[in-house]
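Please read the structure below before turning to the comments.
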Amino acid sequence: MAPSSDVNHLSHPCIYGDYISPRSERKSGFMKWLSKLFRGGSNRGRGGRHLHEPAEESIVWGAPSRALDDRARAQKEKEDLGHAMALSSAEDLKRPNARQGYSWGEDTEDDYSKAPMDTLSSSAHPPFAPTPFYPHEYRRICGGCNQEIMYGNCLGCMDTYFHPNCFRCHSCRYPITEREFSLSGKHPYHKSCFKELTHPKCEVCFQFIPINAAGLIEYRCHPFWSQKYCPSHEYDNTARCCSCERLEPLNIKYYRLEDGRSLCLECMESAIMDTGDCQPLYHSIRDYYEGMQMRIDQQIPMLLVEREALNEAIVGEKNGFLHLPETRGLCLSEEQTVTSIHRRPRIGGHRLIGMRTQPQKLIRKCEVTAILVLYGLPRLLTGAILAHELMHGWLRLKGYRNLNPEVEEGICQVLSYMWLESEVMPSFQSMPSTSTASASSSSSSSSKKGAKSHVENKLGEFFKNQIVNDSSPAYGGGFRAANEAVNKYGLRRTLDHIHLTGFFPV
């Protein structure tokens, strides 16, 4: 891309003109000589004497043999001069005319030799003066081809001259023929080419992002994916992926879930759609906890549910802090009847249809009744939600009572982040390892899972970034305080301090 600094938009930048070469000067001298010759010839034809001094423009005549009328003489000289000019014009018509615009005039040495010399005395010689010498600094050198501009039209721009065909756009390499162009540094551009290079385009509608009332280019940009889009797409019902938050581009169709959410193609690749599909992932996260010496003895039911069923369960739950604007997981402690997804939907076009659900009565056998997770999310996001909710269950089963939201949600987010860190193998670590225990559990869990695609690893990095940069006081502020304590004292000592005091160690 061309540099955006030092950009000028020039109007009428070029000087268009006909360059006059030294040959034209020689032609002008020849016409003066021809005119003087005909004037002298007409006088001799009337019996006048020869020239005494044929010097420059002044011609001295001897006394005439007989008196002539002054007016008749002047008229005759005028007719002779017109005859000479007509002969010269006739010779010019034999050569191709130079058209106006960008075409070239062509002058050759033969043109000068074809002057009307046959009608003159053989003793007369045309006064061809030697070709004048022009110093190099007075010659016009084309700034495009570095050749001398000999004749024809030329452009004067950027403190130099160009053949019209050599003044070209730095982007498309075609000649610039418009009266306005853009200049960036020392490089000229068509205005359209320069706009294509520098003016941002919306990655949703693929149009140039409009200029606002203040004359500025205003757009929105996702902080992780760097997706640039027009501000209007935030309220014009453009679909947004419920997992990665990217807007639906005009040339790609997102999948529509039955509860109204949208899912992009990349998130759809690893999406978990029903409770049966989620069971292996749920058991692997329980094993992850056991590897960190945090075994969960109770068999806590886990169900995948629709958004409506999750919202109904939230209304019936007395305890817990909700993460707005949308909660995607819940650790239940009350007895409820929940509608879970029994069979995954099938794909019909770009919609998921045919999903089967069944109501399920949840009976409280311990401090935790069940764990509910929103269906249709990618594997890594579903696992991060499960790791978070399992930590809620572990705290309740181990007697951690009446914790404030910042402490409880913060330490649960730390466990969710640690699990994601063990699953994603990025080229760089955005944060240091949260605990020494995660290293051993990571090696054991990594041996059980296969290699992930670049797309899934990128999604994992996004979910980690969401946890780190969450702006809410409980989830974001709580995570940063908990993570600082765990990095300083370790996970086990931090949990023991929370159990005794209800706060993070400082």
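For I252, the accessible surface of its heavy atoms amounts to roughly 70 Å² (probe 1.4 Å, protein chains only, rounded to the nearest 10). Can you give the FRET efficiency to the nearest 0.05 for T501 and K201, using r as the Cβ-Cβ distance and R₀ = 35 Å? The calculated FRET efficiency here is 0.05.
For N212 and T337 in the same chain, what is the full-extension length gain: residue separation times 0.36 nm, less their Cα-Cα distance, in nm? Kindly include the intermediate steps, with their values, before the conclusion.
Numbers: separation 125, 0.36 × 125 = 45.00 nm, distance 5.20 nm.
Going from the current span to full extension adds 39.8 nm.
Contact order, relative form, for segment 362-421: 39 percent (alpha carbon pairs under 8 Å, 6 or more residues apart, mean separation divided by residue count).
Once the Cβ-Cβ distance between V468 and M158 is put in as r, and R0 is 51 Å, what FRET efficiency do you end up with, to the nearest 0.05?
Using R0 = 51 Å, I get an efficiency of 0.55.
Provide the gained length on full extension for the span E248 to K186, in nm with one decimal, where the gain is 0.36 nm per separating residue minus the Cα-Cα distance.
Values: separation 62, 0.36 × 62 = 22.32 nm, distance 3.96 nm.
Full-extension gain reported as 18.4 nm.
Amide hydrogen proximity for T339: with H placed 1.01 Å from N in the peptide plane, the residues at 5 or more positions away or on another chain lying under 5 Å are Q360. Summarising the amide proton neighbourhood of E203: residues at separation of 5 or more, or on other chains, whose placed amide H is nearer than 5 Å comprise K228, Y229, C230.
Projecting label points 7 angstrom from Cα along Cα→Cβ for K458 and Y235 puts them 3.1 nm apart.
When only alpha carbons are used to place a centre, segment 370-403 and segment 460-476 end up 16 Å from one another. With each label modelled as a point 7 angstrom along the Cα→C-beta vector, the N311-N487 pair spans 3.8 nm.
Which pairs in the list K201/K458; K228/K464; K228/K253; K452/K488; K186/K228; K201/K253 are over 28 Å apart, alpha-carbon to alpha-carbon?
Where the Cα-Cα span goes over 28 Å, the pairs concerned are K452/K488; K186/K228.
With distances taken between every two different alpha-carbon atoms, segment 155-198 has a Kirkwood hydrodynamic radius of 10.5 Å. Stretching I141 away from Q279 to a fully extended chain increases their span by 41.9 nm, per 0.36 nm per residue minus the current alpha-carbon distance. Amide H contacts for F181 (H built 1.01 Å from N in the peptide plane; partners 5 or more residues away or on another chain; cut-off under 5 Å): L10.
Assigning unit charges at the beta carbon (Lys, Arg +1; Asp, Glu -1) and nothing else, what dipole magnitude in debye, to the nearest 20, does segment 192-297 show about its Cα centre? Please list the in-between numbers first.
On the way: 11 positive and 16 negative charges, 97 e Å.
About 460 debye.
Couplings 3J(HN,Hα) for segment 402-411, derived from phi with the Karplus relation 6.51 cos²θ - 1.76 cosθ + 1.60 (θ = phi - 60°), are 6, 7, 6, x, 4, 6, 5, 5, x, 6 Hz, where x marks Gly and Pro. In sequence order, segment 282-294 has phi-based couplings of 4, 5, 5, 6, 4, 5, 4, 4, 5, x, 9, 6, 10 Hz under the Karplus curve 6.51 cos²θ - 1.76 cosθ + 1.60, θ = phi - 60°, and Gly or Pro positions carry x.
The values are calculated or read from the model by the stated rules, or taken from the named source; none is laboratory data. Since the model is a prediction, treat every value here as computed from it, not as a measurement. Quick reminder, even Gly has a Cβ in these numbers, built from the backbone with ideal geometry, and neighbours come from all protein chains shown. SASA here: full protein model, heavy atoms, side chains in, ligands and nucleic acids out. Shrake-Rupley method; radii C 1.70, N 1.55, O 1.52, S 1.80 Å.
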